[in-house]
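The values are calculated or read from the model by the stated rules, or taken from the named source; none is laboratory data. If you're wondering where the values come from, they're calculated on a predicted model, not measured in any experiment. Neighbour counts are summed over all protein chains in view; Cβ atoms, including those assigned to glycine, are modelled from backbone coordinates with ideal geometry.
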Amino acid sequence: MKDTLKNCILNKDTSYVPIWFMRQAGRYLPEFRKIRKVNTDFIKLCLNPKLVNEITIQPLKRFDIDAAIIFSDILMIPYGLGQKVEFKKGFGPFLGDVNLDKIINTDPVDFVQKLLPVYKGIEKVKKNIKGKNLIGFVGAPWTLLLYMLNKQSPKNNFNFDKINKDKYLINRLLNKVEEIICLHIDKQIEAGANIIQIFDSWAGLLPKKELPNYCFIPTLKIVEHVKSKKIPTICFPRGIAENYIEFCSTVNPDCISIDYEVNPMWVKNKLKNIPIQGGLDPKILLTNKENIIKNTKKYLDIFRDYPYIFNLGHGVLPETKPESIECIINTVRDKK
């Protein structure tokens, strides 16, 4: 079926439940692990158009899903701005010091040249998928700012006051990041992406009073830019709990992706017809088949007769068995 996601998002079609998975191309697939074993530099892997194409398409060869999401990383933007980015096994991303002058003075032409292999990869994928949507993505301004200043995942090492203390640095950096996010989106669209997802993976770390300054208003700027391109946006401000409602009223995304801590019935009743994506806890995929089916049906029942895209409330975990993904897909396809 063609444009199933776009039809659900833009036309609020409820006759069909599209399905795809965040991190559907990745570590849980043996065919991906095989490639990764001989391509130890993650950034170089993201800059290899041939392998980006192969990895992006791997889950589509295995599963009956409605979309490809390009194999890349949100940290390609700091990399393109000249900040050192590397991934250490067992640690995650590690970023170098912020050189504000270098970042601020990065020429857009140089940024695009540095990330050209990413766009070449998207072009290859576009040629190789028929009747499927191709999702491009970016990190939201706050999440990118946080990685750039914190220099590692904030999971175990985060202090908002430390990040927030230099307002001059933050404002200059935020303006540049917003500009480059829009440029990166434009190039993905030109290469063939026809839906954009904005990941604000660490929005939940913001104090409530700071959400408008760092989450809502910066993301609104990006969403308005994407809408001007006549491309639908899916926003994923993970971890903001009841603030999903204010986020939607401020940002007005075409579709909102919910995390697994959000009560699906509550959000459905509060949002009143904004298409909703996701919600299922990825850890459920590590349990037995009966439990997977039961929880999948729960979301399908709640969002019956509502514009809904089936997905998880975060990415597929590395220890997930491909059979668990297959089980969910079969459950979604069988549900009338």
When you go through 285, 312 one by one, which is the residue that is closer than 17 Å to residue 28 by Cα and in contact with a strand residue (DSSP E or B) (Cβ under 7 Å, 6 or more places away or on another chain)? 312
Single unsatisfied condition, residue 279 versus (1) buried (at least 22 other Cβ atoms within 10 Å of the Cβ); (2) of a type in the set (Gly, Ala, Ser); (3) over 20 Å from the mean Cα position of the chain (by Cα): (3)
Determine which member of the set 118, 85, 125 is touching a Cys at 6+ places or on another chain (Cβ under 8 Å) and buried (at least 19 other Cβ atoms within 10 Å of the Cβ). 118
Confirm whether residue 65 is in a loop (DSSP other than H, G, I, E, B), under 22 Å from residue 333 (Cβ atoms) and at pLDDT 95 or above. yes
Unique residue being of a type in the set (Val, Ile, Thr), at negative phi and within 21 Å of the chain's Cα centre (by Cα) when the list is 292, 325: 325
Complete set of residues in the range 52-62 that are of a type outside the set (Val, Ile, Thr) and surrounded by fewer than 19 Cβ atoms within 10 Å (Cβ to Cβ): 61, 62
Quick count over the range 1-24, residues being among the polar types (S, T, N, Q), out of contact with any helix residue (DSSP H, G or I) (no Cβ under 8 Å at 6 or more places or on another chain) and within 18 Å of residue 327 (Cα to Cα), is 0
Strands (runs of 3 or more DSSP E) wholly inside the range 84-170 that include at least 3 residues being over 18 Å from residue 192 (Cα atoms): 85-88, 92-95
Being farther than 21 Å from residue 330 by Cα, part of a helix (DSSP H, G or I) and touching a helix residue (DSSP H, G or I) at 6+ places or on another chain (Cβ under 9 Å) is the filter here, so list the residues in the range 265-288 that pass it. 265, 266, 267, 268, 270, 271
The lone exception for residue 244 - which of (1) of a type outside the set (Lys, Arg); (2) over 17 Å from the mean Cα position of the chain (by Cα); (3) buried (at least 16 other Cβ atoms within 10 Å of the Cβ) it fails: (2)
With the condition kept exactly as written, say whether any residue in the range 19-31 is of a type in the set (D, E, K, R), part of a helix (DSSP H, G or I) and either over 26 Å from residue 182 (Cβ atoms) or free of Cβ contacts under 8 Å to residues at least 12 places away in the same chain (or both). yes
Name the pairs: first residue in the range 206-217 and under 19 Å from residue 154 (Cα atoms), second residue part of a helix (DSSP H, G or I) and of a type in the set (Asp, Glu), Cβ to Cβ under 9 Å, at least 6 apart or on different chains? 211/246
